[in-house]
Amino acid sequence: MSETKVTTKTKKFGNFTSVALFFLLIALFLFPPLLDSYYLNLLIVIVYGIYLAQCWNIMSGLAGQFSFGHATFFGLGAYTSSLLFTKAGLTPWLGMLTGGAVAAVMGLFIGFLAFRYRLKGHYFALATLAFAEIFRVLALNWRFMGGAMGILIPLGDQPAYFQFKETIYFYYIILIMALFITFLVYRLGRSKLGLYLVAIRENEEAAEALGVNSFRYKLAAVSLSAFLTALGGTFYAQLYSYIDPELTFGSNVSVNILTPAIIGGVGTVWGPVVGSLVLTPISEFTRGALSSGISMIVYGLIIIAVIIYLPEGIVGFIQKIWRRRAILRQKANPAETVPGEIQKGGI
Amino acid sequence: MDVNAIFQAFTDGLLMGGVYALIAVGLTLIFGVMQIVNFAHGALMMLGMYITYWIFTLLGVNPYLSLIASIGALFIIGFTLQRFLLDPILQAPQHNQLLLTLGIMLVLENIALVLWSPDFRAIKVDWLEQGILMGSVVVNKPRLLAFVFTLLITAALYYILKRTQLGRAIQATSQEREGASLVGINVRRINGIAFGIGAACAGAAGSLVMPFFFVSPGVGSVFLLRAFVVAILGGLGNFGGALVGGLIIGLAESLSALFLPGSLKEMVVYMLFVGILLVRPTGLFGEGAKQ
């Protein structure tokens, strides 16, 4: 949205949004302790879904490098912190950062290879998938990593070791992580780096011609996304106290990370938020009400329907309607300015 | 290292590679015509396996006769899927196409789960039990038959693609969609037929592995990734390449199993995959679609 075109009306609207966001924020912190454990867990899964989808969004939405292997980074985070904790007694708080660093380095490695050899589109996606599979098979066969049995994290309630008696603390942690990353994506979309990334996504040759070092910025996006995804992996390990190769490096993990982002709207700030808010409850409620097979059929059908009928995702669809209404309003009252196109170019 | 073991692994790998090739041929055909990477391919193969399983278990029909049923059924399923689900998103961004085929996979696998439970099932065909001894190598009969049928089916497909009007229309569509449409080819119909043929290949492969493999709703993923590797190796969209790629992957897998413990042989396949993607993303023969 171009800043110069803000009219009085949109400014008022902007004020309203920030007030609403402020109250929403307060509610997000004060309300959940009142929830019973079922709904609290649901909320955790929703916010966790937002966080991971947002991580994916940085690399694949903003920078347009479509990853089908985010499980690589997720699993590296989960395994690094869990191995350091169970084998060396290092607190997962530090293990989390170590895992992030390991994943970021792996991201740089994968990105370097892929971009150096100019992998794009389907080929890039399949390469990321192959890397995740390599790690899955490695974790499955390497006894040091626990093999097929996985790693059981000893139970405890020491906050210094990222373990809590009350689930609510896990909620606050993932909430802060999700708020942070959503704000980050929002800022990124308005920063120079974000604009470079969008330029690269839309037309790499043109961006290069204008002096944008696409190789460097794509690498930055991949390693940032990898680092943050790995933090989610550690969170998962600490929340459930158990990881195995399939739960962390499996292709299902990659699919679960990217689905809310695509359903919500790729490359938008609110896409991952809306996507997880819509999809997670549907998947949890249908699982409760129907047998697991039928609930997955329903889930799959919803995904298919959204892709066919809302190809730009839920948020993309809403933005389109807003814009159309703004144009209609302008026709009725030519003095008003239409806010700039949101989808194309910006985020 | 025992020389016989190497010969044995070589034979097994070659025969299995033929099946991989058949799965990948369908994948590569779909990609060639529509530029869609079909993640539902493994699930389609799973349907073919169940068709053969039930026809054999309930009616006692020769599993190789049920090939006709699975090819026919999967062609119709593929054509229908293309017409109603894939046709609307042919121009959509890649991530949408990918998620859509993933959604189809999810639905198909879970329909199988609801209908037939998650049990692992296998069939036991008496006349296929005995292996054939050739020199020092034991040739597993169902694997040999799968290989032979694969060659026959691929040859038939090759004939259709190269020699018939339909095949030329498919080729024209894959090379230049708008041009094909201009010269009067019904591109929409061709897309449907191509997807149907691709699905039928997956179904045939399913029927062919059923006599020596188990089936369960999620079995498709075992083959799906290998099929991707094979298709990329041969060059996405390259028909003959998929055949050679299948044999290479089959061999690489069974030979590396000689030296590596557990399922590490899969790692060799994936590393080969990444290597090929990086060095020759258009496939070994350089004729694959460029991005």
Next on the checklist: Out of the residues in the stretch A:209-267 meeting the condition of being crowded, with 24+ Cβ neighbours inside 10 Å and outside any helix (DSSP H, G or I), tell me which one is farthest from the other protein chains (Cβ to nearest Cβ).
Outcome noted: A:243
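Among the residues of the stretch A:70-90, is any open to solvent by 30 Å² or more (accessible area, probe 1.4 Å) and of a type in the set (Val, Ile, Thr)?
Checking the stretch A:70-90: at least one residue is open to solvent by 30 Å² or more (accessible area, probe 1.4 Å) and of a type in the set (Val, Ile, Thr).
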Checklist outcome for this item: Residue hits (the stretch B:1-36; charged (D, E, K, R) and farther than 18 Å from residue B:266 by Cβ) are B:2
Checklist entry - For the stretch B:134-175, what are the residues that are open to solvent by 40 Å² or more (accessible area, probe 1.4 Å), of a type in the set (A, V, I, L, M, F, W, C) and not in a helix (DSSP H, G or I)? => result B:134, B:138
Checklist entry - Do you know which residues across the stretch A:36-91 are in contact with a helix residue (DSSP H, G or I) (Cβ under 8 Å, 6 or more places away or on another chain), within 25 Å of residue A:168 (Cα to Cα) and assigned to a loop (DSSP other than H, G, I, E, B)? => result A:90, A:91
Checklist entry - Could you list, in sequence order, the residues of the stretch B:82-93 that are at the interface with chain A (Cβ under 10 Å from one of its Cβ atoms), over 20 Å from residue A:121 (Cβ atoms) and touching a residue at least 40 places away in the same chain (Cβ under 8 Å)? => result B:87
Checklist entry - So which residues in the stretch B:105-121 are touching a Phe, Trp or Tyr at 6+ places or on another chain (Cβ under 8 Å) and at the interface with chain A (Cβ under 9 Å from one of its Cβ atoms)? => result B:105, B:106, B:112
Checklist entry - Restricting the first residue to the stretch A:1-28 and requiring it to be closer than 20 Å to residue A:183 by Cβ, which pairs with a second residue that is modelled with pLDDT under 80 meet a Cβ separation below 7 Å and a spacing of at least six or different chains? => result A:1/A:339; A:1/A:340; A:1/A:342; A:1/A:346
Item to check | Candidate set: the stretch B:182-197, residues that are in a helix (DSSP H, G or I) and without any contact (Cβ under 8 Å) to a residue 60 or more places away in the chain; chosen: the one farthest from residue B:103 (Cα to Cα) | outcome: B:182
Checklist outcome for this item: All-but-one check, residue B:96 against (1) over 22 Å from residue B:223 (Cβ atoms); (2) away from every other protein chain (no Cβ under 14 Å); (3) of a type outside the set (A, V, I, L, M), failing number (2)
Checklist entry - So which pairs qualify, if the first residue must be in the stretch B:224-243 and modelled with pLDDT under 85, the second must be β-branched (Val, Ile, Thr), the Cβ gap must be under 7 Å, and the two must be at least 6 apart or on different chains? => result B:235/B:282; B:236/B:28; B:237/B:28; B:238/B:28; B:239/B:25; B:239/B:28
Next on the checklist: Only one of B:13, B:32 is at negative phi and open to solvent by 10 Å² or more (accessible area, probe 1.4 Å). Can you tell me which?
Outcome noted: B:32
Checklist entry - Got at least one residue in the stretch A:95-104 being hydroxyl-bearing (Ser, Thr, Tyr) and either within 14 Å of chain B (Cβ to nearest Cβ) or within 15 Å of residue A:250 (Cβ to Cβ) (or both)? => result no
Checklist entry - So which of A:61, A:89 is away from chain B (no Cβ under 14 Å) and either touching a residue at least 12 places away in the same chain (Cβ under 8 Å) or out of contact with any Leu (no Cβ under 9 Å at 6 or more places or on another chain) (or both)? => result A:89
Checklist entry - Which is more than 14 Å from chain A (Cβ to nearest Cβ) and either open to solvent by 60 Å² or more (accessible area, probe 1.4 Å) or farther than 30 Å from residue A:286 by Cα (or both), of B:128, B:74? => result B:128
Item to check | helices (runs of 4 or more DSSP H) contained in the stretch B:198-291 and holding at least 3 residues over 30 Å from residue A:120 (Cβ atoms), away from chain A (no Cβ under 13 Å) and open to solvent by 40 Å² or more (accessible area, probe 1.4 Å) | outcome: B:239-259
Checklist entry - Considering only residues of the stretch A:139-166 that are open to solvent by 30 Å² or more (accessible area, probe 1.4 Å) and under 16 Å from residue A:78 (Cβ atoms), which is farthest from the other protein chains (Cβ to nearest Cβ)? => result A:161
Item to check | Flag for residue A:136 being within 11 Å of another protein chain (Cβ to nearest Cβ) and outside any helix (DSSP H, G or I) | outcome: no
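The values are calculated or read from the model by the stated rules, or taken from the named source; none is laboratory data. This is a predicted model, so every value here is computed, not measured. A quick note on method: Cβ atoms are made from the backbone with ideal geometry, for glycine too, and the neighbour counts reach across all protein chains shown. For accessibility, only protein heavy atoms count, side chains too; no ligands or nucleic acids. Shrake-Rupley method; radii C 1.70, N 1.55, O 1.52, S 1.80 Å.
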